[in-house]
Structure formats: C-alpha cells, structure tokens
Amino acid sequence: MARRSLFPCRHRGCAALVREPGYCDKHAGDAVGWKPDKQRGNRHERGYGADWERLRGLILRRDRYLCQCDECKRTGRVLPATEVDHRIPKAECGTDDPANLSAINADCHKRKTAKESARARARARR
C-alpha cells in the first residue's frame, strides 16, 4: 500500500507537515472558522428566523437605512445600510436587545466581523 504524502501546515510560515490538510498541533487554534449547519444549527435554530427578520426591519428603519458603524460615524461618512449588526457580538455575550443592534453597510460589516474573528482566534490560542 502506497503511503500518502504529507501536507504543509496552513499557518503562514510554518514548516510543519501534517497527515491531513489543515493545521499542525501548534497552530490548531487557527482552525476556528465556519462550521457546517449540522454542527452549529440552521438560521432558525441560531435565532435568525421570522422574529429576527421583524426586528431587523425595525432597526433598519430606526437608523434610517444608514450605516451606524463606529468608523462611519467618526469620519462623517454616509453609506446605505442593508444589514443589522450586534454591537457586542453574540459570541461575546451580546443580546438581540435593540440597544445592542445597529444598521450597517455590507462592507463595514465584513470589516467588523473580520476584526471580531481575529479576536476570537487570539482567545482560542491562549
């Protein structure tokens, strides 16, 4: 039986080799990412069903469909908002309380989520 070749660790700059595509033991914390619906539950099971859609519409109307992210507010930039974001992420004990929700532009939302994901990965490494 032929031996399978080893794969390089996906962590940038790491020279370790692993049997399965992914990360070595040292960088396993980098593997934090999207999980399939089987593991994390579908949108309704995670709290994003019909009630969320109603709340989302209320927040967008409250914020006049304008981005309320910190960067846009700080720089005076006016961008249309199409999404609703948790100011304190649910993963960090944030709630669906309207005071914790704000309208946000899709690009700003991606940027904010990337920062939150980096923070979560850093916590996972500790």
Inset, instruction - May I ask you to list the residues in the stretch 1-30 that are surrounded by 14 or more Cβ atoms within 10 Å (Cβ to Cβ), of a type outside the set (F, W, Y), touching a residue at least 12 places away in the same chain (Cβ under 8 Å) and farther than 16 Å from A122 by Cα? - result: C9, R10, C14, V18, G22, C24
Legend entry - Residue count for the stretch 90-126, restricted to those that are on the phi > 0 side of the Ramachandran plot and not in a loop (DSSP other than H, G, I, E, B): 0
Inset, instruction - Starting from residues that are part of a loop (DSSP other than H, G, I, E, B) and either β-branched (V, I, T) or closer than 21 Å to S117 by Cα (or both), keep the ones in the stretch 55-89 and report whichever is farthest from the chain's Cα centre (by Cα). - result: V78
Legend entry - All positions within the stretch 89-126 that are in contact with a helix residue (DSSP H, G or I) (Cβ under 9 Å, 6 or more places away or on another chain), among the aliphatic types (A, V, I, L, M) and more than 22 Å from R62 (Cα to Cα): A91, A120, A122, A124
Inset, instruction - Residues being surrounded by fewer than 13 Cβ atoms within 10 Å (Cβ to Cβ), farther than 19 Å from P98 by Cα and of a type outside the set (D, E): count how many of those fall in the stretch 45-76. - result: 3
Legend entry - Subset of the stretch 73-89 [of a type outside the set (G, A, S) and in contact (Cβ under 8 Å) with a residue 24 or more places away in the chain]: L79, P80, T82, E83, V84, D85, P89
Inset, instruction - Determine if the stretch 79-86 includes at least one residue that is surrounded by 14 or more Cβ atoms within 10 Å (Cβ to Cβ), modelled with pLDDT under 95 and not hydrophobic (A, V, I, L, M, F, W, C). - result: no
Inset, instruction - Tally the residues that are of a type in the set (F, W, Y) and under 16 Å from the mean Cα position of the chain (by Cα), restricting the search to the stretch 34-54. - result: 2
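The values are calculated or read from the model by the stated rules, or taken from the named source; none is laboratory data. Here the structure is a predicted model, which is why all the values come from computation and not from measurement. We place every Cβ from the backbone using ideal geometry, glycine too, and count neighbours over all the protein chains shown.
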